[in-house]
Every structure is written in C-alpha cells, then in structure tokens.
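I have placed the structure first, in the form of structure tokens, so that the comments after it can refer back to it.
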Amino acid sequence: MRILHINTEKTWRGGEQQTFNLLMGLKQRNISSHLLCQTDSPMAEKAEETGIKTFPISMHGEVDPLACFRIRTLINRFRYDILHSHTSHAHTLAFFSSIGTHVNRLVTRRVDFSIFRHSFLKLSGIKYRCMSDFYIAISHKIKDVLVNDGIPAGRIFVVPSGINPNRFANAGTDDLIAEFNIKSSEQIVINVAHLAGHKGQQYLVRAIPLVLAKIPTARFFIVGGGELMDKLKNLAASLGLKKELAFTGFRRDVGAFYQIADLFVMSSVQEGLGTAVLDALALGKPVVATQSGGIPEIIKNGENGLLVSPADPKVLSEGIIRMLTDDELAKRVAKTGQSMVKQQFTIDTMVDGNIDVYRRILGDY
C-alpha cells in the first residue's frame, strides 16, 4: 500500500505529535508513506530528520489552487492508494486534488465539535458527507458526533491515540524546582493544554481559591500557550491569585512538570480523547478530569482517576481536594491508570489500528 499523509499545521500540537508517531510506526513496519506538510514547519523538520519522505510546500487555507496542483502531481507520480488527511484544511485540499482519481480519501478527526459549529448555511455538511470516503475518529464520542451530524457509521473507524509511556520517564526536575522555587511541602497540581475555551481552564482558575481554602500548601501550574492567556491571567488576578498559580506559557520541558506533579487536572468542556491525560497516567500520576468528550473512555471514575462534571468550579475543586487528601485513593488509581495506559494506549496499538483501517479500505481482508 502507498499512502500520502497531509498535515497543514504550521505549529506543533497534539495532532502533529500523533501524525509523527504514526509516520514513524509505518516506517518501522516498511509501509510506504510520504508526508506533505507546511514549509519550515516543525513537522517538516522532524520528519526530514528521521528519514521520512517529505514534501514541504506552502498551503494557504482550504482552497489553494497551487497546493492542489502540487498534490495532484504527487498523486499521479506515486499512484497513492490512500490520501490520509490529518487536519481540516488537508481534508478539503485532498478532495480537490484527487477529483477524477481512484485514490481513497481518509480523514482523521481529533475533536468532538459538531461539524456544523462554525458552518455557514451548514455547508460543512457537504464537506464531511461528500468530500471524504472514510474517517478515523480517535474516540467513540467523536464517532457519535459525526454520526449525529449525518455521516454514515459504516464510514467511520475508531482508533484511539497512542503515547510512548516512557516519553517523560527520565525528565529532570532540578532546573524547574529552582526556577519556580518549589518547596517539598507544596502539593503540585498541573494542567497541560492549549489555552482555549474548550479546554476549560477558566473553571480550573475559579476552582483554585476553593482548593486553597482547604489546602493552603497547594500550588498550581497551567502549562501551555494560547489565545486566552491574558484573559486567564486577568481572571487569576481578580481572584487574588499570585504565587499559588503560574501560567508557564509554551515549555519544552513539559516532562519535568509531569514529574513534579502530585496531581494532573484536565478541565476541558470538550475533548476528543485527551493524550495529556494519558501522559500523566503513564507516569503514575493521579488524575482528576471532567466528564467531557472522549475522556470517560480513558478515566473510569474511582478506578483509575476521578471524573467530575464539566464547567463547574465547585465540583472540580472537590475532586482536587479529595485526591490531594486521600493518599490511598491517589496511589490506587494512579497504579491502575499506569497499567491501563501501557496495555491499551501505546503508539504501537495506535499504529496497528491505523494499518487495520488501511487494509479494510483496500479490501485486504
């Protein structure tokens, strides 16, 4: 089988990490895969460094005639069996580039938003119903959303994201402890996510004073950058939060934050699956997360973490307080979660799941 992967992102986030993990796994299994991505992007740099056949081009929006022409040229040259799109813009470009060819169009969907969320006159229904042959949803929740929006269930496969459980196992913490003057008496709570509305950090910020009223030694770190940084900082200031909460911005040493954490919190109101939760569990960290999107497909309440209602600072604070004050619970759920991740959510499991989809699409079963 011959596959062209298309990723139009200029930055590096969770979806790009998953695309890269998939490409590396396919390379290790000697499955012919090429990558089309943005010029001068982190994706282009990482792929080329690891020997993945990469075609960096500039892609501007969903309808870029020059980009479509170049993709069409690659389709004719390499006779791909599958165009695997990993972003929404790639989805559209792949369609227009492949009109009249026999290539199969496959799109990975990583978010649990309705396809009509920002749709003008519901035109995105045409895109999703007619401009791809098949979909991979990274959670059953995402598949349910697609089906509810009118995509036939038979065209949607579910393949959860996968992580390297040892990714942050050897991350050093000395520099981080010195930088933030972290004391051994403090209980460290972290959130790792892009600062966006659907990640729900505003509810976490509002929960912090409630936690501090019970546990004054708690200290919070929100790790990541995003468009809501200033708004969240202003909210924290209005609540009188100073040293108790740090907004770190984008960090390359994110593994060190996982290592120092006593608790990981995911506050999302919408979430495709939640690989940040998987990273925390892989390190044996207890998790409090919201019952949103695909998160309940990872966290089983009371078994490998705690689930709380989304968009509710009070219940979120109660979950945090419970986990920080019940050592037996924290240790038990962390141990169970770590074992579960290593069995069900590895990169190898994700890669094998994608290969299974490719074979089904091509009728190899």
### Message
Between 254, 269, 287, which is crowded, with 24+ Cβ neighbours inside 10 Å and either in contact with a Gly (Cβ under 6 Å, 6 or more places away or on another chain) or at pLDDT 95 or above (or both)?
### Response
287
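Okay, residues lined up against (1) touching a strand residue (DSSP E or B) at 6+ places or on another chain (Cβ under 8 Å); (2) at pLDDT 95 or above; (3) basic (Lys, Arg); (4) under 26 Å from residue 195 (Cα atoms):
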position: 14; (1), (2), (3), (4): no, no, no, yes
position: 25; (1), (2), (3), (4): no, yes, no, no
position: 43; (1), (2), (3), (4): yes, yes, no, yes
position: 56; (1), (2), (3), (4): yes, yes, no, no
position: 63; (1), (2), (3), (4): no, no, no, no
position: 78; (1), (2), (3), (4): yes, yes, no, no
### Message
So, in the stretch 177-225, exactly how many residues are crowded, with 19+ Cβ neighbours inside 10 Å and either of a type in the set (Gly, Ala, Ser) or not assigned by TED's automatic domain parsing to the domain that holds residue 322 (or both)?
### Response
5
### Task
Go through 135, 128 for me and flag whichever is more than 18 Å from residue 37 (Cβ to Cβ) and assigned to a strand (DSSP E or B).
135
### Task
Assess whether residue 105 counts as being touching a His at 6+ places or on another chain (Cβ under 9 Å), of a type in the set (D, E, K, R) and at pLDDT 95 or above.
yes
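Does residue 94 satisfy being assigned to a helix (DSSP H, G or I), more than 24 Å from residue 127 (Cβ to Cβ) and under 24 Å from the mean Cα position of the chain (by Cα)?
no
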### Task
List every residue pair whose Cβ atoms sit under 8 Å apart, with the two residues 6 or more apart in sequence or on different chains, where the first one lies in the stretch 213-238 and is farther than 20 Å from residue 176 by Cβ and the second, anywhere, is in a helix (DSSP H, G or I) and small (Gly, Ala, Ser).
228/197
### Message
So for the stretch 31-41 (the condition being in a helix (DSSP H, G or I) and either touching a residue at least 40 places away in the same chain (Cβ under 8 Å) or under 17 Å from residue 354 (Cβ atoms) (or both)), does at least one residue qualify?
### Response
no
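Any idea which of 95, 113 is aromatic (Phe, Trp, Tyr), in contact with a His (Cβ under 8 Å, 6 or more places away or on another chain) and under 30 Å from residue 197 (Cβ atoms)?
113
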### Message
Pairs needed: first member in the stretch 350-364, within 17 Å of residue 29 (Cα to Cα) and in contact (Cβ under 8 Å) with a residue 60 or more places away in the chain; second member anywhere, part of a loop (DSSP other than H, G, I, E, B) and of a type in the set (S, T, N, Q); C-beta distance under 9 Å; at least 6 residues apart or different chains.
### Response
350/161
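Among what's in the stretch 264-304 and is assigned to a helix (DSSP H, G or I) and among the hydrophobic types (A, V, I, L, M, F, W, C), pick the residue that is nearest to the chain's Cα centre (by Cα). Break it down stepwise before answering.
To start, the set of residues in the stretch 264-304 that are assigned to a helix (DSSP H, G or I) comprises 275-282, 295-297.
The next check asks that each one be among the hydrophobic types (A, V, I, L, M, F, W, C); those that pass are 276-278, 280-282, 295.
Working: 276: 7, 277: 9, 278: 10, 280: 13, 281: 15, 282: 15, 295: 11 Å.
By that ranking, first place goes to 276.
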## Note on the structure
Pairing a residue in the stretch 264-277 that is at positive phi with any residue that is part of a helix (DSSP H, G or I) and at pLDDT 95 or above, where Cβ atoms lie under 6 Å and the two sit 6 or more apart in sequence or on different chains, gives 274/295
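The values are calculated or read from the model by the stated rules, or taken from the named source; none is laboratory data. In this text, all values refer to a predicted model and were calculated from it rather than measured experimentally. Backbone-built Cβ (ideal geometry, glycine too); neighbour counts: all protein chains shown.
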